[in-house]
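Below is one structure, written out as C-alpha cells; the observations come after it.
The values are calculated or read from the model by the stated rules, or taken from the named source; none is laboratory data. Remember, it's a predicted structure, so these values are computed and weren't measured experimentally. Cβ coordinates were reconstructed from backbone atoms using ideal geometry, including for glycine residues, and neighbour counts include every protein chain displayed. Just so you know, the surface numbers come from the protein's heavy atoms only, side chains and all, with ligands and any DNA or RNA stripped out. Shrake-Rupley method; radii C 1.70, N 1.55, O 1.52, S 1.80 Å.
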Amino acid sequence: MSPRIGQLSVAGSAGEMRRLMTELFPICRSITGDGVRRTLEIVQQLVPLEIIEVPSGTAVFDWTVPNEWNIREAYIKGPDGEKVVDFGEHNLHLVGYSVPVRQKMPLDELEEHLHSLPEQPELIPYRTSYYKEIWGFCLRHDQRTRLEDGEYEVVIDSSLEPGHLTYGELVLPGECEEEILVSCHLCHPSLANDNLSGLAVAVFLAKALEAAERRFTYRFLFIPGTIGSITWLARNQETAQRIRAGLVAANLGDPGSFHYKRSRQGDTEIDRAVQVALRDTGEEYRVEDFVPFGYDERQYCSPGFDLAVGSLTRTPWGQYPEYHTSADNLELVTDESLQGSLEMYLGVVQILEQNRRFRNLNPKCEPQLGKRGLYGSLGGGTEGRDQQLARLWVLNVSDGEHSLLDIAERSGMGFGMIAEAAAVLLAAELIEEEE
Amino acid sequence: MSPRIGQLSVAGSAGEMRRLMTELFPICRSITGDGVRRTLEIVQQLVPLEIIEVPSGTAVFDWTVPNEWNIREAYIKGPDGEKVVDFGEHNLHLVGYSVPVRQKMPLDELEEHLHSLPEQPELIPYRTSYYKEIWGFCLRHDQRTRLEDGEYEVVIDSSLEPGHLTYGELVLPGECEEEILVSCHLCHPSLANDNLSGLAVAVFLAKALEAAERRFTYRFLFIPGTIGSITWLARNQETAQRIRAGLVAANLGDPGSFHYKRSRQGDTEIDRAVQVALRDTGEEYRVEDFVPFGYDERQYCSPGFDLAVGSLTRTPWGQYPEYHTSADNLELVTDESLQGSLEMYLGVVQILEQNRRFRNLNPKCEPQLGKRGLYGSLGGGTEGRDQQLARLWVLNVSDGEHSLLDIAERSGMGFGMIAEAAAVLLAAELIEEEE
Amino acid sequence: MSPRIGQLSVAGSAGEMRRLMTELFPICRSITGDGVRRTLEIVQQLVPLEIIEVPSGTAVFDWTVPNEWNIREAYIKGPDGEKVVDFGEHNLHLVGYSVPVRQKMPLDELEEHLHSLPEQPELIPYRTSYYKEIWGFCLRHDQRTRLEDGEYEVVIDSSLEPGHLTYGELVLPGECEEEILVSCHLCHPSLANDNLSGLAVAVFLAKALEAAERRFTYRFLFIPGTIGSITWLARNQETAQRIRAGLVAANLGDPGSFHYKRSRQGDTEIDRAVQVALRDTGEEYRVEDFVPFGYDERQYCSPGFDLAVGSLTRTPWGQYPEYHTSADNLELVTDESLQGSLEMYLGVVQILEQNRRFRNLNPKCEPQLGKRGLYGSLGGGTEGRDQQLARLWVLNVSDGEHSLLDIAERSGMGFGMIAEAAAVLLAAELIEEEE
C-alpha cells in the first residue's frame, strides 16, 4: 500500500536534482523549438509526463501561438576574421528568437544589435524578442568596449517558421477531482536558478507524490512563460475551474530565504498554507501581495480566472544580481537550497492534504483526556505541555467550520503538531471528520 | 471648448491669493454684519457668487439666527484721558459681539472685562461671545500688567439688533447633479491663516473650475462658522443629500505640512481621494479620524446628515502658537504654502473627476499589449517599467466593481499614472467604462 | 434607597481582604473534602452564599464527580525515626488526593514518590493527582538531596471514598435576568495569590454589589477548578444561556500589573469593557487572546457554551516564580494589589451597568448646548474642553445603535467622562435611552 502524503520524505534529493539540472543546463531553450522538446524528453525519463504540441497560428485568447524558432549556429566575426562572439560558446550570446542573418556591416551598424551590461561588465545579459522580428547579440560589456572599428560578419543560422509550441503536462489523479497545480517555466536557455531550479523541484516533487496515496489530483505544467500558460488556460478552461490551489515554482536554488507572493485573492487556502509552512520553519521569510508582474501567476490570476495560485520562490526575479545573466549558472545554486525548496513544497502539499475540518463530539466542557491517557495525570506542575495544548486547541476550535489550518493559525502552533493532535483525538473518537 | 479638469493648472496663483487676502485682512468680520458683506462683495469681483441674507430670528434646527452685530468704534481711555486700548488700531482688541457700553469704572472692575495671554504677553488674543450678551477687550498681557489704578472710560459703539446673517454661495453646475462641496468660514476678523487662507484657496479653486468642463456640480460656501453651516443645512436639506464629497478648507497658508481629518464615516471616496493625493506627493502629512471638535465638518458630519465631508488643512486649529492671536497675520502665511494648498485641492478634485470604474474586455489572461505597442518588445531586462505595470494593474483589477482609486490604493502607484494607463487602455478598446 | 452601582466605592477594603485570606490560608483545600466546606462556611459569614453538595459518581458531561478526599495526617519518618517530612507543618508536603499508605521502604523506592524543584531548592512544590490513584510527597530539593540511605516509614492517613463535591454559589438578583458571572477556584491548599486573592476579591465585590441597586443579576461561583465549573455547567445549562458576561478571578494579589485574557469570542462586551477599564487607568497592562489552557474559562469557553467569559488577573499562572510553590504565601500578596484588583473588578462592573445605547434627539447639526449652559460661552480660546468634547461625542455617535462603550472606544476618552456626559444630556432631554 502506498504511503499517505503526510508520511512522505524527500530527504537526500539534492544530488538528483543537481544531476538533472546539469544535464539540462547547456540546452538552448526558448518558448518554442527543439531545446524545449529535448528538455521534456529528458524529464520524461524521470516522470511520465505527456508532451503536447500546439500548432503555430493557434488562437489562444488575445494571443496567437507564434512560429517555432530553432537555431543552429550564430556568430560575429571581427575585421580579422576571428569569431568575437559565438553562440556555440554560450547560448546567451544570441538574442532569443533572432531572425536569420548573414551580412557584413561596420561596427557602428552592428552596435545597434548589441546588448551588454555596463554595470556588470563581466556578465553576458539574457535578452529575447519573441513578438518583434529582430536579431541581436549579447556580450560582456568589457569585450564590447574593446571591439575595434572595421567590417564585421554576422551569421545567424536560425529558422522562424510554422511549427509548434511544446509543453509538458503530468497529471497524478487523486481521490477527488479537485486539483493542485504546480507550474514552472522552461523557456530559459542556460540559466540555472531561473528556472532549472524550479523545474527540478517540480520534477522531484512529482516523483515523490507519484508514489503516494493522494487526496487531491496533482497537475504539473512545464511550459514556456506567458504564452505557455495562456495556451494551457485557453485549451483547459473547464479543468482550470477544478484548481483548488496552485504554485508557480521558480528561483528555488539560490541561497536566499523564501519569498511568497500571494494569489490575487490573497487569502485563499494556498496563501494560508504557504504562510503557515514558512512560519513553522522558524526561519526568515518574506511575503508580498499579488502584483501583476512576475511569472505565470499573471495569467492564472487574471480576473477572468482569478485562481488561487501564488508563487513560492527564494529570491524573486530581478532581486539578485545574477538574474538574467550568465552568472545565473550552476554555481549560483546550492544543494542545501534545492533540498530545502523541495521539502518546503512537499510541506505545503502536506498541509493541503491534511487540512480537514473536524467536529468536537463533546463540545460542552472539555472531555476528560486524562482517563483516555491523553493528558498528564500529575497536576500542579508547569512542564512543557505542547502536546496537550495542541489537543485542547483542536477540541476547542473544531466546530465543523474551522479547519486544522485555522487552528494552526489561531494557536500559533506548528501545523504538524495540530495535525497529530487531530489524529489522536480522531482515534479516541472525540472528534469526527466533517464531510 | 473648455479643458477637462484633469488638464487644469493653477500654477502661479500665489500672488493673486495674497492680494485678495491683503485686501480682506483689515476688515472686521464676525458671524453677521457689514464686515461679512464687504468681504463677500470683494470676492464677488472674482467669482460670481450669490450673497444670501437670512433674517435674524429665523429658526434653524435647534438654533436661531442671532441679531446682527455692527461696530463703529471702541476704546478704553486711561486715567490720564489717553486711549490705552483702541479697536481702531486692531480689530482683535474688541471681544466679538460686545454689546454697546459707555461707562466709567475703576481698574478692578474693568479687569473683569479684559482678556490677555500671560504666556504670549506680546500678542492680542481673539475672543467672541455670540450667544451671551457681554462686552470685553483683548490686549497684550505686557500692556495689561502696566495699567495703573484709576478711573477708566469704556466706549463701545456697537449695535446688536435684528438684521441678517449673510453668507456667500457659488454653484458651478456639472454633467451630473452630484455635488462636491467646498466650505470655508469667513467670520474671523484680522486673522490670516484662520481663515483668509481657506477663503483664498476656495476662491481660486472655484475660479479654475469655473473655466473647465465639469463632471460633478461644485458648491462653494463662504459662511460664518457653526451658525452658517447650520443655517445652510437647515435651508438646503434636499440639496445636502446630493453631496457626494466635501472638504472644509481652513488654515491653508501656514508653512506646516498637510493634515487631513477624515469624515465621520471615515472611508468614503473623499477620504480615500485625499489620502492618495497626499501619498502621491511623497511629502510628510498627517491623517486623523473624525472628532466632533473643529470647524463646520461638525455640522456636515452630525449623525442626521453624516455627509462625506472631511477637512484638509495645513497645521490644524489650536496646534500653531499664532492660532487665534494677533500673530496670525499675513506674515505667517507663505506664498509657497498657499500655492501648494491650491494645487492639493485641485489634485483632490482631479482624482474625484477621474475616478471611474472600468471593465477589462479581455479578462481571461493578459491581452497582448506588445502587438498594440503598449508593452516593451525586448524581454529579459529589468529596466523601469512603471508604465507597463500601471497598465497591467488597470487590466488586472478592472472588473467593473473597482475604481481607479481602488487600483491606485492597491498598487501603490500614483493616481495620475493609473488614470493615464486607463486612458491608453480605453483608447485601445481593451477596457470599457462601467456605467 | 440603595446606591446605584455607578456610585459604589470599595475604598479601604484591603485590610478585610487580608484578614479573610489569613484565616483561610492554613486550611488544606482540594477539589473535594472538608477543607472546601470549612472555607465556604467562613465566606458565608461575609456573604449569604449557598453551599451545594453534589454526590460522588454524578455524571457531569464526559466526567464523573470523583470520590471525596479527606486527610488527617501524613508524614515520612527517616531511618532514625524522626519525621523528615510532615503534612502537619505545611499542607503542600502531601500530593493532593494521595491514597492512604502505611508502609516501610528503602530510600530508592521512596524516591519515586518524591517531588522537588531542583531550580528552586528552597521551595516546596504543589502537586496533585485527582484522577490517578497514587501517593506522593513534595519537599524542598535542598532537603531531598540530604536524605540518607536507610529504611523510611511512610504514613498517609487519608480517605478517598464516596462523598460529595462541594461548591459555593451566590446570586444577587438584578432588574433583569441577564447575568454577570464571577468565578473563582477554591481548590488550592495553602497558596495565597493562586487563589485566595481571587476568592477575596470576589467576596468583597459581592459584598459591595449586595448593597446596591443592580441592573444585572450577579452570580458568584466558588468552585474547585475544572471539575467544579464542569459540574456547575452540567447542572445549569439553561442558566448558562443567561450569562451576558463573566470573569474568572485569580492571581489578584501579586504586585504585577493587570493581565486580561480575552474570551473565546474575543470581542464581546466584557472583553471591550475590561480593555477600556484597563486603558482608563493609564497604567501598563497586557491583553492576550483566548488560549484553551488556564483556569475555568476553558470550560465556560468550550465550543458548546462559548460564553463571553474572560479572565482578569495580575501576573498570569505560571509566569511568576512563586507560582504553585510554598513561596506563594501571604507575603507575596500586597494590600495595594488586592485593593487595586477589587477596584478594577468594580470598575468593570460599573462599565457594564452603565453601558447603554442612546439616541440623539437633535441629530441634524449640533444642538445649541450654550443656551442650556452645557457649553462655554466665550469662544476663541483653546482651554481644556474635555467635558464639552465628551458631550459632543455622545451626541455625534448616539444613533441608537452605538453604546457608551463604543463611544469611549472611538473617542479615546474615559468611560466615566462619557457616562457623565450622557447623564447630563439625558437630563437636558437631548438624548433618550434606546430600549
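Rolling a 1.4 angstrom probe over the protein chains, ignoring ligands and nucleic acids, what is the accessible area of residue B:176 in square angstrom, nearest 10?
Estimated to the nearest 10 Å², residue B:176 gives 40 Å².
Can you list the aspartates and glutamates whose alpha carbon sits under 13 Å from that of residue C:261, skipping same-chain ones fewer than 8 residues off?
In chain and number order, the partners are C:271, C:288, C:289, C:296, C:297.
Chains B and A: what accessible area do they bury, summed, in square angstrom to the nearest 100, with a 1.4 Å probe? Could the numbers behind the result be given before it?
Working: alone 19080 and 19060 Å², together 35680 Å².
Protein heavy atoms only, the B-A interface buries about 2500 Å².
What distance in nm separates the simple spin-label points at residue C:59 and residue B:429, each placed 7 Å from Cα in the Cβ direction?
For residue C:59 paired with residue B:429, the spin-label model returns 7.6 nm.
So if I take the centroid of the Cα atoms in region B:253-301 and the same for region B:400-431, what is the distance between those two points in Å?
Value for the Cα centre distance between the two parts: 23 Å.
Nearest the rotation axis from A to B, which residue of chain A has its beta carbon, and at what whole-angstrom distance?
Of all Cβ atoms in chain A, the one nearest the axis gives A:267, 11.
Under 8 Å for C-alpha pairs, at least 6 residues apart: give me the relative contact order for region A:1-160, rounded to a whole percent.
Details: 246 pairs, mean separation 38.7, N = 160.
Dividing the mean separation by the residue count of region A:1-160 yields 24 percent.
For a protection proxy built on the mean count of beta-carbon atoms within 10 angstrom, sort B:235-244, B:395-404 highest first, please.
Details: B:235-244: 14.7, B:395-404: 20.3.
Ranking the peptides B:235-244, B:395-404 by packing returns B:395-404, B:235-244.
Distances from residue C:50 to the same position in the other copies: list them in nm, one decimal, shortest first, using label points 7 Å from Cα along Cα→Cβ.
Label-point separations across copies, in nm and ascending: 7.3, 7.3.
Under a 1.4 angstrom probe, counting protein chains only, how are B:406, C:328 ranked by accessible area, largest first? Write down the numbers at each step before the final one.
Values: B:406 35, C:328 0 Å².
Largest to smallest exposure gives the sequence B:406, C:328.
Leaving ligands, DNA and RNA out of it, work out the accessible area of residue B:131 with a 1.4 Å probe and give it in Å² to the nearest 10.
Only protein atoms counted, so the area is about 100 Å².
Got a number for the accessible area of residue B:86? Probe 1.4 Å, square angstrom, nearest 10.
So the heavy atoms of residue B:86 present about 30 Å² to solvent.
Using a 10 Å cut-off around each Cβ of peptide C:253-260, what is the average number of partner chain Cβ atoms that fall inside? Don't skip to the answer; put the middle values down first.
Values: counts 0, 0, 0, 0, 0, 0, 0, 0.
For peptide C:253-260, the averaged partner shielding equals 0.
To the nearest 500 deg cm²/dmol, what mean residue ellipticity at 222 nm is calculated for chain B from DSSP H runs of n ≥ 4 alone, each contributing -39,500 (n - 2.57), summed and divided by the residues?
Numbers: 13 runs with 129 residues, N = 435.
Taking each H run of at least 4 residues, the total per residue is -8500 deg cm²/dmol.
Cut-off under 29 Å on the C-alpha distance; same-chain residues fewer than 8 positions from residue B:83 excluded. Which lysines are left, in chain and number order?
Here the lysines satisfying the reach criterion relative to residue B:83 are B:104, B:132.
Antiparallel DSSP bridges in the protein assembly as shown: what percent, to the nearest 5? Provide the component values of the computation, followed by the final result.
On the way: 126 of 200 bridges.
Expressed as a percentage, antiparallel bridges in the protein assembly as shown total about 65.
Checking the cross-link filter: which aspartates and glutamates have an alpha carbon closer than 16 Å to that of residue C:371, excluding same-chain neighbours under 8 positions apart?
Reachable aspartates and glutamates: B:62, B:133, C:429.
Using a 1.4 angstrom probe on the protein heavy atoms only, could you order B:281, A:325 from most to least accessible area?
Reading off the accessible areas and sorting them downward yields B:281, A:325.
What ranking of A:426, B:20 comes out by heavy-atom accessible area, probe 1.4 Å, highest first? Display every interim value, and only then the final one.
Numbers: A:426 75, B:20 10 Å².
The residues order as A:426, B:20, largest area first.
Can you give the average number of partner chain beta-carbon atoms within 10 Å of each beta-carbon in peptide C:356-367, as a whole number? Mind dumping the intermediate values first?
Numbers: counts 0, 0, 0, 1, 3, 1, 6, 6, 13, 20, 10, 4.
For peptide C:356-367, the averaged partner shielding equals 5.
Between residue C:335 and the same site in the other copies, what are the distances in nm, shortest first, taking label points 7 Å from Cα along the C-beta direction?
7.2, 7.2
Enumerate by residue number the GluC sites (Glu not before Pro) in region C:247-301 meeting two conditions: DSSP loop (anything except H, G, I, E, B), and at most 15 other Cβ atoms within 10 Å of the site's Cβ. It would help to have the intermediate numbers written out before the result.
Details: sites: C:269, C:283, C:284, C:288, C:297; in loops: C:283, C:284.
Sites meeting the loop and neighbour criteria: C:283, C:284.
Using Cα pairs under 8 angstrom and six or more residues apart, how large is the relative contact order of region C:385-435, in percent? Mind dumping the intermediate values first?
Details: 34 pairs, mean separation 20.2, N = 51.
With pairs under 8 Å counted, the relative contact order is 40 percent.
Remind me, relative contact order of chain A in percent, using alpha carbon pairs under 8 angstrom and six or more residues apart?
Values: 910 pairs, mean separation 73.9, N = 435.
Once normalised by length, the contact order is 17 percent.
With every atom except the alpha carbons ignored, what do you get for Rg and Dmax of the protein assembly as shown, in angstroms?
40.1, 115
On each of the three principal axes of the Cα atoms of region A:96-158, give max minus min coordinate, whole Å, ordered largest first.
So the extents along the principal axes, rounded to whole Å, are 27, 26, 16.
With a length cut of 20 Å (Cα positions projected on each helix's long axis) and a Kyte-Doolittle mean of at least 0.0, go through chain B and give me the DSSP H helices that pass.
Numbers: long enough: B:335-354 (28 Å, 0.09).
Going by DSSP H runs, the hits are B:335-354.
Inside 10 Å of the C-beta atoms of A:50-62, what's the mean count of C-beta atoms belonging to other chains? Intermediate results must be reported in sequence, preceding the final value.
On the way: counts 0, 0, 0, 0, 0, 0, 0, 0, 0, 0, 3, 7, 11.
Taking the mean over all residues of the peptide, I get 2.
Just to check I understand the Karplus step: with θ = phi - 60° and J = 6.51 cos²θ - 1.76 cosθ + 1.60, what whole-Hz values come out for region C:46-57, glycine and proline as x?
For region C:46-57, the Karplus curve yields 9, 9, x, 7, 9, 9, 10, 10, 10, x, 3, x Hz.
Hey, for residue A:241 with labels 7 Å out along Cα-Cβ, what do the inter-copy distances come to in nm, ordered shortest first?
4.3, 4.3
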